[in-house]
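Shown below is the structure under consideration.
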Amino acid sequence: MQAITLGRLSALAAVLALAGCGGKSTFEVSGNFTEGNSSATSAVRTAGLKLSLNGDQEQIDIPVGATSYRFSKRISYGENYTVKVVRSPEHVTCAADPNFSSGYAGQTTSIVVNVACSQNSYSVSGKVNNLLEDGLGLNNGATPATVNKASPVFTFPAIPYGAPYAIVVTRQPTNQTCTVVNGSGYMGEAAVTNVEINCTRP
């Protein structure tokens, strides 16, 4: 609370100083790009990102490689502002920081709204047919899963769009042989749900 109060007092002091010189206080709206849950600045990797300030007051296209952005329109003291992602790059989801994406100019000495982008990711899942024993071991890359007869289904964690997946049997159940159907490919724009493991007696 103290930090917020000091920030607002600093902003007010700056406004009063400018007003004393006969000027009108305006604020720049800018921000950095981050990736996933990281707070570190990251370059935009894919074309197509577009941001807006107060709807159609200003919209800007973000080039590949950009690490920050800045709107040319400045916001007058007391004026409301909203920064939104109008369009995310293909196969990517971007969003303006919800804690700072809207407000009014003068709350702080500057308006900084960071935008986080993440590659779309989806899970890989399926079922096991005719599993009569416990202990079936599966892997997707380095991620393991164990399937038992009481619940013959499995789900692997989400993987990014375009990344390969390959489900393999790493441990056979006792007295059974299990094979994989539809177990490999490249992740598209939807979860993979049609992997099947068929188990038989030798």
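Among what's in region 166-179 and is hydrophobic (A, V, I, L, M, F, W, C) and buried (at least 17 other Cβ atoms within 10 Å of the Cβ), pick the residue that is farthest from Ser125 (Cα to Cα). Working first, answer last.
Kept after step one, since they are hydrophobic (A, V, I, L, M, F, W, C), are these residues of region 166-179: 166-169, 178.
Then drop every residue that is not buried (at least 17 other Cβ atoms within 10 Å of the Cβ), which leaves 167, 169, 178.
Numbers: Ile167: 10, Val169: 14, Cys178: 16 Å.
Per the criteria, the residue is Cys178.
Given (1) over 19 Å from the mean Cα position of the chain (by Cα); (2) assigned to a strand (DSSP E or B); (3) among the hydroxyl-bearing types (Ser, Thr, Tyr), where does Ser72 come up short, assuming only one miss?
(2)
A further question on this structure: Scan region 41-75 for residues that are within 18 Å of Val92 (Cα to Cα), polar (S, T, N, Q) and touching an Asp or Glu at 6+ places or on another chain (Cβ under 8 Å) and report the count.
Residues meeting the conditions: 3.
Moving on. Can you name the strands (runs of 3 or more DSSP E) wholly within region 94-188 that have at least 1 residues being under 30 Å from Thr26 (Cβ atoms), outside the structural domain of Asn54 (by TED's automatic domain parsing) and in contact with a helix residue (DSSP H, G or I) (Cβ under 9 Å, 6 or more places away or on another chain)? Walk me through it before giving the result.
Details: elements: 102-104, 115-119, 121-129, 136-140, 143-147, 153-160, 164-171, 177-181, 184-186.
Strands (runs of 3 or more DSSP E) meeting the threshold: none at all.
Results for (1) surrounded by 15 or more Cβ atoms within 10 Å (Cβ to Cβ); (2) of a type outside the set (Val, Ile, Thr); (3) at pLDDT 95 or above, shown as yes or no for each residue.
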{"site": "Lys84", "(1), (2), (3)": "yes, yes, yes"}
{"site": "Cys117", "(1), (2), (3)": "yes, yes, yes"}
{"site": "Val124", "(1), (2), (3)": "yes, no, yes"}
{"site": "Leu131", "(1), (2), (3)": "yes, yes, yes"}
{"site": "Pro164", "(1), (2), (3)": "no, yes, yes"}
{"site": "Met187", "(1), (2), (3)": "yes, yes, yes"}
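Then there's this: Only one residue in Ser123, Ser151, Ser101 is closer than 26 Å to Met187 by Cα and under 19 Å from the mean Cα position of the chain (by Cα). Which one? Break it down into steps so the answer makes sense when it comes.
Details: Ser151 fails: under 19 Å from the mean Cα position of the chain (by Cα); Ser101 fails: closer than 26 Å to Met187 by Cα.
Residue meeting the stated conditions: Ser123.
Just the residues that are loosely packed, with under 12 Cβ neighbours inside 10 Å, over 22 Å from Glu35 (Cβ atoms) and modelled with pLDDT of 95 or more, please, taken from region 56-77.
Ser72
Right, another one. Across region 189-202, what is the number of residues that are part of a loop (DSSP other than H, G, I, E, B) and touching a Ser or Thr at 6+ places or on another chain (Cβ under 7 Å)? Spell out the reasoning first.
So the first thing to find is which residues in region 189-202 are part of a loop (DSSP other than H, G, I, E, B), and the list is 189-191, 201-202.
Restricting the remaining residues to those that are touching a Ser or Thr at 6+ places or on another chain (Cβ under 7 Å) gives 191, 202.
Total satisfying the criteria: 2.
I want to confirm something. Restricting to region 29-44 and keeping residues that are at pLDDT 95 or above and part of a loop (DSSP other than H, G, I, E, B), which single residue is surrounded by the fewest Cβ atoms within 10 Å (Cβ to Cβ)?
The selected residue is Ala40.
The values are calculated or read from the model by the stated rules, or taken from the named source; none is laboratory data. None of the values given here were measured: they were computed from a predicted structure. Glycine also receives a Cβ, built like all others from the backbone with ideal geometry; neighbour counts cover every protein chain displayed.
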